[in-house]
Amino acid sequence: MAMLSVKPGQRFSLPDWHTNSHLISADAERQRSASHQVRQEARALCNETNNQTKWDEHDNRTRLAERISSVNRWKETLDKCLADIDVEIDALAKVKEAAERALQAKNLPLDVAIECLTLRESRRAIDVVRDPVEEELHKEVKVIDKAKRELQQRVHEAFEQLCLLQEARQQLSCDCQRKTEALEVDRLCLSLNVNSPNISFKVNPTRVPDGSTALDEWEQNSQCNKEHAEAEVKASTELREATVLAIAQTNNELEAQRVATEFALRKRIRDLERAYDELKWQEQNTLEEIVEMQEEIRRLEEDLRRKTQDLKVAHTRLETRTYRPNVELCRDQVQYGLTDEVHQLEGTIRALKQKLAESQDALDALYRQLHRIQTDIGYKANSLVLDNKCMDSRRKLMVPAEKFVPEFDTFNRTTN
């Protein structure tokens, strides 16, 4: 009779077998739950870090743009101060030359008065008297000496003020140059992105470089340069006016009227020069705004093109999904999402088209304004030339025609 062979070894009971199976299932369930939790956390972390990175980069781009705008505003302000100080240097140099000419012109009256006194010393006998003529001649000599001392003092003060203006101009010029370099650096940083060719890791990029200044110090430095230049321009203006007044006071009643007329012409020339500089500044700003508006229109057109392509993709997806068979042709979440995307893109495209039309209108308005500015600049330039010719013509009232020396035109830098 055959016997069943029994495999030697440990035997487990049925409850142990069931217990082991339950343990394996429970462990598997727990591991899957833990894995699912890790996946969800990883996804959430990626989304959160992506959003944080995107907004951080956006915020810093905004800060860079604001910084560029701030530096550019200061640069425009300093450029205007630089133009004003150049105009003032030119005006003060002319007044200084006028004072020197007036000082030189006093030599002839003095020589004549001394010659008259010398000749009168040749009088003889009873004619050698101290009469009113001699008194007036002595008085004339004293008046001329006093006028020469005053004019010499004005020339000296004008020379010192020119040195101060040149120093202030040098400070402004250096500040403008530094701001130009800073603008180039910040604009380069603003243009960088993940696809830029020259990006790399740097050694300790968060260090504070030596010589760094606080924002308040930076602004205070520019403000000090501006205020210093304005103060020197104001002092120069006051000195010019005082020098012109001193020249006028050394002339007779007829010359006083001539000086009053020329003073009005000089004031008009200064006003025209300031108006001309302002219009040139406006022209430059308008040209820059036109360039920026053209760039913005190009960006809008490019964005509109991209949105149109996105709309084509959404349309194609919706149309393609209509070919799903039978019951698969259901309005699932994808269908709702694509429909919402189409509506959103259509609204976006309408808004972009409207903004593009507004931008085009603004660009046309800028071109019209630029034409007005350039036309007015031509008017101002012509007025400056005419007023300077008037000033040159009036010099003939006190200088003989054969001694008339042409001077450089203050506007065109050419000889009249």
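Once all protein chains are placed together, C163 keeps about 70 Å² accessible to a 1.4 angstrom probe.
In units of the rule-of-thumb radius 2.2 N^0.38 Å, segment 135-212 shows an alpha carbon radius of gyration of 2.51.
Max-minus-min Cα coordinates of segment 275-370 on each principal axis give 78, 17, 14 Å, with the largest extent listed first.
In segment 42-95, the C-alpha radius of gyration followed by the widest Cα-Cα span (Dmax) gives 23.1, 78 angstrom.
Measuring against 30 Å, Cα to Cα, the residue pairs K106/K380; K54/K312; K202/K355; K96/K146; K94/K148; K148/K280 contain K106/K380; K202/K355; K148/K280 as the ones spanning a longer distance. Across segment 283-381, the mean sequence separation of Cα contacts (distance under 8 Å, 6 or more residues apart), normalised by length, yields a relative contact order of 49 percent. Summing Lys and Arg as +1 and Asp and Glu as -1 over all other residues whose Cβ lies under 11 Å from the Cβ of D332 gives a net charge of +2. Heavy-atom accessible area, probed at 1.4 angstrom with all protein chains present, ranks Y336, Y276, Y323 as Y323, Y336, Y276, highest first. Taking 0.36 nm per residue of separation and subtracting the Cα-Cα distance, full extension of the segment from W17 to N204 would add 61.1 nm. Of the trypsin sites (Lys or Arg not before Pro) found in segment 176-230, the ones in coil according to DSSP and having at most 11 other Cβ atoms within 10 Å of their Cβ are K202, R207. Scaled against the 2.2 N^0.38 Å expected of a compact globular protein of N residues, the Cα radius of gyration of segment 200-242 reads 2.10. Computed with a 1.4 Å probe over protein heavy atoms only, the accessible area of F159 comes to about 110 Å².
The values are calculated or read from the model by the stated rules, or taken from the named source; none is laboratory data. Worth saying up front: this structure is predicted, and the values here are computed from it rather than measured. No Cβ is skipped: glycine too gets one built from the backbone with ideal geometry, and neighbour counts run over all protein chains shown. With ligands, DNA and RNA removed, areas are computed over all heavy atoms of the protein, side chains included. Shrake-Rupley method; radii C 1.70, N 1.55, O 1.52, S 1.80 Å.
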